[in-house]
Amino acid sequence: MKTLEDLKALREKLKGDIKVRQKQGTKIIIGMGTCCIAAGAREVMSAVLDELAVRKLNDVQVQQTGCIGMCEKEVLLDVIRPDEPRITYGNVKPADVKRIIADHVVNGRIIEDLVVGKIEQEG
Amino acid sequence: MQHIRAHVLVCAGTGCKSAGSKEVELAFQREIKAQGLADEVMVVETGCHGFCEYGPLVIVYPEGTFYSRVTAEDVPEIVESHLLKGRMVERLLYHEPMTHEMIPKYSDINFYKKQHRLVLAHCGTINPEQIEEYIAVGGYEGLGKALTLMTPEEVVEEVKKSGLRGRGGGGFPTGLKWSFAKQSVNDKKYVICNADEGDPGAFMDRSVLEGDPHKILEGMAICGYAIGADEGYIYVRAEYPLAIKRLRVAIEQAEAMGFLGENIFSSGFNFQIHIKEGAGAFVCGEETALMASIEGKRGMPRPRPPFPAVSGLWGKPTNINNVETFANVPQIIVNGADWYCQFGTEKSKGTKVFALTGKINNTGLAEVPMGITMREIIYDIGGGINNGKKFKAVQIGGPSGGCLPEELLDLPIDYDSLTAVGAMMGSGGLVVMDEDTCMVDVAKFFLNFTQSESCGKCTPCREGTKRMLEILTRITEGQGREGDIELLENMAKNIKETALCGLGQTAPNPVLSTLKYFRNEYEAHIKEKRCPAGVCEKMAVYTITDKCKGCGLCAKTCPVKAISGTLKQQHVIDQAICIKCGACMSVCPFKAITKG
């Protein structure tokens, strides 16, 4: 370790590895009820994880949730950016994942044709 | 590589390990692989979370779900339900003992809510065997800042200004201690970390060493820079094998990355750290005895002055601090003294880690700001007394401390308030006692401890504690005499004034404080030959009540034939023969025998 700047740069690099344990950043929530899994939620989840890895977005949290009740529109995938409403996408296919991450997660543009719901305040 | 979406933190502190956390961790590894989640879920071994009563602990992120008392058999369910499907396993969540409320989140548990974790900030949240995780939470930035942006004088000043006081017991201002060692002119100086944690029931230092070892190395290196030392020793007891292992790993990693060794941060400052394993003598927690032990001599104290800052290890100026003291240093340097001063009271700054043990619901480690009351620690964090019993006393400060009664529960805790009421901060062990505890017996227990640990060098400690113990033993056996209380007080005063080191000078404290607050119990033992709590076996009187059906079982069981009576009629115990073994009471099918 030569300088304090070296250390700080290293910290920046390593910080992402433990981000999962801190409450911050954008959240992606995938419905993982039995029905959702039957509709292909696992595949969507894998696609999300792959895409996040490719883009090195290691500060994005991926969570799961149970059945929301809107089984008709599964797979359901929610995106919550900090201080923004919770957006629910329906009928998500693995092929849609790249677009959701590029447009919404990274650039904050909601993909209107996939949206099924919007919750203003996420507690 | 895939995005790691979840971290499963398995506590690997000594408490959880002995409860089986290694098996739990292996089960997670196995099960995660079996479910095909190995690429997206990571299992992390962490240090102690402090909530040892509920171990093994598992915390699942990003949700921060807190699972307690997890066994290897529970793991498949957690993996399938939580990690695969996102459903919490409710039966393994923590329930508040007072309200029976289910609390899923780590941060919402009462035990943690009232705490303010500075020293323990990373214990349980990072992997102590990976320096990368320590760096990710800002590790070694204090050392970097001190070495590249501050002069040694400025470092000492900052520590002085922070008001940090020694966490090992005495409460001596740390910055002042550093300035003494700094002023000593010599070609060689040493830094020593006292990790010889010996108080019964105290384990805060062990948890810091096991959970965040790099913090101690960093604190020591900063101290080395400040006082002009290039070598340090950690004196850690051999009974802490896991702490020693993690320290060795940490030293190796820190050397490899250049945080220890030569020319650290290109500043020209060199520092290396050695580990010295102690053999478990309590007196070696005393600084002069500790240094003698490092030098390979018998661990016995010597008179001061000269103080270690002038002539310490191998006759060289030495600064010696406790684990928790060093653990406070990096954050003081990073955030500044003013930041640190916002915690605590006017004369006791910062936080203190307490080890909660005894008859309390939440056994474990609690870090709280100085100035909090004992009641908050015992009831809000500790969850109250076991089995709904009544609180009687709390022993604070280990064998050198004192027992405080219920009237003092609302006393704000800091160094000076505790000394004023006859106890001391000590290392921060809190042993909670309920109504079934005999205070004379407690005093005897602690005095017995210091008596056995007395090194024997000075007469007041060697002989005085022995005689005091004899008197206490006599009192608990129903042989107490008029004047014993005064004799105890007189001896205690003399030992305090004349013993050579801190061990002897504080050894009478448990007797003095129990005499002060529970004098009536001593009087009951001596005058009425009665133990109010019913603990002192030799004073117990067993009597057979009219519930007796005359079955004769007790008479058959009694080893000294003290029980007589005819069948189907109430039996009697001959008190002159009875040896108070209690065998009759345990066999009586009608609960007809009472002890009083």
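A few notes on this one:
- When B:Glu537, B:Glu453, B:Glu486 are compared by accessible area at a 1.4 angstrom probe, the order from most to least is B:Glu486, B:Glu537, B:Glu453.
- Solvent-accessible area lost on pairing B with A (1.4 Å probe, both sides summed) amounts to about 3100 Å².
- Relative contact order for segment A:1-68, counting Cα pairs under 8 Å that sit 6 or more residues apart, in percent: 46
- What the phi angles of segment B:329-339 give under the Karplus curve with 6.51, -1.76 and 1.60, with θ = phi - 60°, is a coupling list of 5, x, 5, 5, 5, 5, 8, x, 5, 5, 4 Hz, glycine and proline written as x.
- Bridge type composition, the protein assembly as shown - antiparallel percent by DSSP, nearest 5: 60
- All Cα-Cα separations within segment B:81-189 were binned at 5 Å from zero, giving a P(r) of 2, 8, 10, 12, 14, 16, 11, 7, 6, 6, 4, 2, 1, 0, each value a whole percent of the pairs.
- Among the protein heavy atoms, those of A:Thr34 account for about 100 Å² of accessible surface (1.4 Å probe, every chain in place).
- Within chain B, DSSP assigns beta bridges of which about 55% are antiparallel (rounded to the nearest 5).
- Summarising the amide proton neighbourhood of B:Ile273: residues at separation of 5 or more, or on other chains, whose placed amide H is nearer than 5 Å comprise B:Gly232.
- Using the Cβ-Cβ distance between B:Ser81 and B:Ala279 with R0 set to 60 Å, the FRET efficiency works out to roughly 0.80.
- Hz values of 3J(HN,Hα) by residue in segment B:48-54 - Karplus curve (6.51, -1.76, 1.60), Gly and Pro given as x: 5, 8, x, 9, 4, 4, 9
- Average Cα contact separation per residue, chain B, under 8 Å, 6 or more apart, as relative contact order %: 12
- Rh by Kirkwood over Cα pairs, then Stokes-Einstein D for chain B at 0.692 mPa s and 37 °C, µm²/s: 125
- Segment B:6-109, relative contact order in percent, only Cα pairs under 8 angstrom and at least six apart counted: 29
- Direction-averaged projected area, Cα convex hull, segment A:18-119: 6.0 nm², rounded to one decimal.
- The accessible surface of segment B:138-295, taken with every protein chain in place and a 1.4 Å probe, is 50 percent carbon and sulfur.
- A cut-off of 5 Å between modelled amide H atoms, ignoring neighbours fewer than 5 places along the same chain, links A:Tyr89 with A:Leu77, A:Asp78, A:Val79, A:Val116.
- Ranked order, A:Asp59, B:Asp199 - accessible area, probe 1.4 Å, largest first: A:Asp59, B:Asp199
- The gain in end-to-end length when the A:Cys71 to A:Val54 segment is fully stretched comes to 3.1 nm, 0.36 nm per residue minus the alpha carbon separation.
- Under the Karplus curve 6.51 cos²θ - 1.76 cosθ + 1.60, θ = phi - 60°, whole-Hz ³J(HN,Hα) for segment B:245-261, x wherever Gly or Pro sits: 4, 5, 5, 4, 4, 5, 4, 4, 5, 5, 5, 4, 8, x, 8, 10, x
- Taking every protein chain into account, the accessible area of the protein assembly as shown amounts to 40 square angstrom per residue (probe 1.4 Å).
- Expected-Rg normalisation [2.2 N^0.38 Å, Cα atoms] applied to segment B:351-434: 0.95
- Cα Rg over Rh - the protein assembly as shown, Kirkwood: 1.05
- When the other protein chains are added to the chain by itself, burial of at least 30 square angstrom of heavy-atom accessible area (probe 1.4 Å, ligands and nucleic acids ignored) affects these residues of segment B:1-41: B:Gln2, B:His3, B:Arg5, B:His7, B:Glu40.
The values are calculated or read from the model by the stated rules, or taken from the named source; none is laboratory data. None of these values were measured; they are calculated from a predicted model. Positions of Cβ are generated from backbone atoms using ideal geometry, with glycine treated the same way; all protein chains shown enter the neighbour counts. Side chains included, ligands, DNA and RNA excluded: accessible areas come from the protein's heavy atoms. Shrake-Rupley method; radii C 1.70, N 1.55, O 1.52, S 1.80 Å.
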